[in-house]
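The values are calculated or read from the model by the stated rules, or taken from the named source; none is laboratory data. Note that the structure is a prediction, hence the values are computed from the model and not measured. With ideal geometry, Cβ positions are generated from the backbone for all residues, glycine too; neighbour counts draw on all protein chains shown. In case anyone asks, the SASA skips ligands and DNA or RNA and just uses the protein heavy atoms, side chains included. Shrake-Rupley method; radii C 1.70, N 1.55, O 1.52, S 1.80 Å.
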Amino acid sequence: MSELSRREFAKLIGAAGIASSFLQQPQTTSRTIGIQVGAVSFVDEGVASVLDRFQRDANINALFIASFSYGRGTAGRQVPDQTLPDHGKQEYDVEFHGGNFAHTHEKYYAHTSLKKIEAPDHPGFDVLASVLPPAQSRRMKVFCWYEDVFRRDLEGIDRLQEVTLSGKKASTLCFHNPEVQAFWQALTEDYVRSYPIDGLMWGSERQGPFGNAIGAMHGGARTNPLEVTCFCDFCQREGKSRGIDVQRAVEGYMKLASLVRDSRAANRPTDGYFVSYWRLLLNYPEILAWEKLWNDGQQSAYANIYQLAKSIRRDIAVGWHIWHNNSFSPFYRAAQDYAEFRKYSDFLKVVMYNNCGGPRLASYANSMSRTMLGDFSAEEVLGLTYKVQNYQGANLVELPRKGLSADYMEGETRRAVAGVSSHSAESAPAAKTPGTPKIWPGIDIDIPTGQDEKKTEPQDVRDAVRAALGAGADGVILSRKYSEMRLANLRAAGEALRG
Ligand SMILES: [Zn+2]
């Protein structure tokens, strides 16, 4: 597909006679009511019928199309160990591959060796070219939703991969590697120039080596402190330019790995866990310096994507998916400074998945009670987390089954709105000024959880949507993907919006 100007595109839409009765439908809200959806749903169910349902059932006015990902979690059908929902093809996509679900225009990829990225999953189907005309004729906005998830078997990817503490190539890409920044620039430019999209949402669900080493995340008990990243040549060069002693950084992380291994083996140091970790940080300030180096790399990706997109089209909306770990780990939360995000964001989709948030927070507490917070039981870590993060929830036994509440949504929404507004939480909603990033909380609809763990019910969705909007959110984004949502839960979002 060649580049289309907006005018040419409008002509195409007109010529296709797509304008439907939906054009006459009054907009019931000026808020952004978004949904994340992958190409597979349009292929399985048909573009028009999916869009009909979104408008009819949930008042959707913005599509966040999983245009680039190697993760089934956002781009595929239901994950194989979960029940298929009551729509779509009743079959698992065990052959899911992923990649760019739009056409890849090679000329933009001159400065990166990662360029063979077109997803082979739906040959001949360009999700943006297929969905943009009918969506825009219905006045639904279209955002490219692309994320920092890769696979190892891609041509040219080895030059972009991070290097772990033990010297292995990781499956993740290094933000201090110029080819990686060039890759994100290429994909961004490709989307913005090739398609008349309304916006971009990029997500990177990753953290630096310190957070990973101590297992400060859900699923953190499985992290290997010897395989944290990144120690590649580019990062070493960046470290030196910051005056960090690279050998000391490596040595500090090796000692941290030993301490984590001892902690997980319940081999308590004489002075206890917390004091021992803190002493290591005092003796090796390079550990936190390297964490900051990693964080700065990720932040530069945000800033570079923003500046490039805006330099091509001023009116395009650019924002970010902020990882759920923001709700669990205070170490990660400290690195997600909403005031900083103001510099390069038009909106933030802050993940506030309250249903799966229960099991995930419990998983975080369990992991941390076996490393840096090893002096505390998991129940005590949970209590500490509630205090530090300023919200409340069930005890450790009940939390995975009950999930987090709508109160959590409300508090986290207020915190985000206040954070980007630079006002106190109390005055935030009225004090917003033009240019303040919009806050669109991510709402959890049927995100997979384990057996006997919290499953989404319609009342949960109604409560979550009302809590977010009541706390001053400018909209919501139903997540993670339509292909895993049950229809009653999708309709519940619409019920909440209609009052
Ligand atoms: Zn690196």
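Given the criteria within 30 Å of Gly450 (Cα to Cα), among the acidic types (Asp, Glu), within 16 Å of the ligand (Cβ to nearest atom) and open to solvent by 10 Å² or more (accessible area, probe 1.4 Å), does Asp148 qualify? Considered against the rule, which asks whether it is within 30 Å of Gly450 (Cα to Cα), among the acidic types (Asp, Glu), within 16 Å of the ligand (Cβ to nearest atom) and open to solvent by 10 Å² or more (accessible area, probe 1.4 Å), Asp148 comes out as yes. Taking region 129-165 as the range and being within 20 Å of Arg56 (Cβ to Cβ) and of a type in the set (Lys, Arg) as the test, the residues that pass are Arg138, Arg139, Lys141. Can you confirm whether Phe331 is within 23 Å of Val149 (Cβ to Cβ) and out of contact with any helix residue (DSSP H, G or I) (no Cβ under 7 Å at 6 or more places or on another chain)? No; evaluated as a whole, the condition is false for this residue. When region 205-258 is limited to residues that are over 15 Å from Lys292 (Cα atoms) and of a type in the set (Asp, Glu), the one that is least open to solvent (accessible area, probe 1.4 Å) turns out to be Glu227.
Cβ-Cβ contacts under 9 Å between residues 6 or more apart (or on different chains), taken from a first residue in region 262-291 that is in contact (Cβ under 8 Å) with a residue 60 or more places away in the chain to a second residue that is part of a loop (DSSP other than H, G, I, E, B) and of a type in the set (S, T, N, Q), are listed as Ser263/Thr371; Arg264/Thr371; Tyr273/Thr371; Tyr277/Thr371; Glu291/Gln207.
If you go through region 155-176 and keep only what is surrounded by fewer than 18 Cβ atoms within 10 Å (Cβ to Cβ) and either assigned to a helix (DSSP H, G or I) or more than 16 Å from the ligand (Cβ to nearest atom) (or both), you end up with Glu155, Gly156, Asp158, Arg159. Scanning region 177-207 for residues that are in a helix (DSSP H, G or I) and away from the ligand (no atom under 16 Å from the Cβ) yields a count of 10. The number of residues in region 365-401 being over 12 Å from Ser329 (Cβ atoms), outside any loop (DSSP other than H, G, I, E, B), in contact (Cβ under 8 Å) with a residue 12 or more places away in the chain and open to solvent by 10 Å² or more (accessible area, probe 1.4 Å) comes to 5.
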